[in-house]
1. Looking at the stretch 11-25, I want the residues that are closer than 19 Å to W38 by Cβ and have a partner that is modelled with pLDDT under 90 and part of a helix (DSSP H, G or I) with Cβ atoms under 8 Å, at least 6 apart or on another chain. Which pairs are those?
2. Considering only helices (runs of 4 or more DSSP H) fully contained in the chain, which possess at least 2 residues that are modelled with pLDDT of 60 or more?
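The values are calculated or read from the model by the stated rules, or taken from the named source; none is laboratory data. Quick caveat, the model's predicted, so the values are computed rather than measured. Here Cβ is always computed from backbone atoms with ideal geometry, including for glycine, and neighbour counts include all displayed protein chains.
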Amino acid sequence: MAQTTHPSKYLVRAYLERRNHDPKPPPTPEEIRRQLGWDLVLMDQRICGLGGR
């Protein structure tokens, strides 16, 4: 099972404000998620009893 972490709206607003002033093209969606800490958190399969041996 996986959980998703979400950045706060203030962090997203600050990120968008910085991006508005940056002349470079926007980063990939994966890079944006990494910068904002918006990751897919996978549960440890050993704890869940799903790990293969």
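1. As it stands, the answer is L11/L36; V12/L36; Y15/I32; Y15/Q35; Y15/L36, since those pairs meet every condition given.
2. Values: elements: 9-20, 29-36, 45-48.
Filter on the chain gives 9-20, 29-36.
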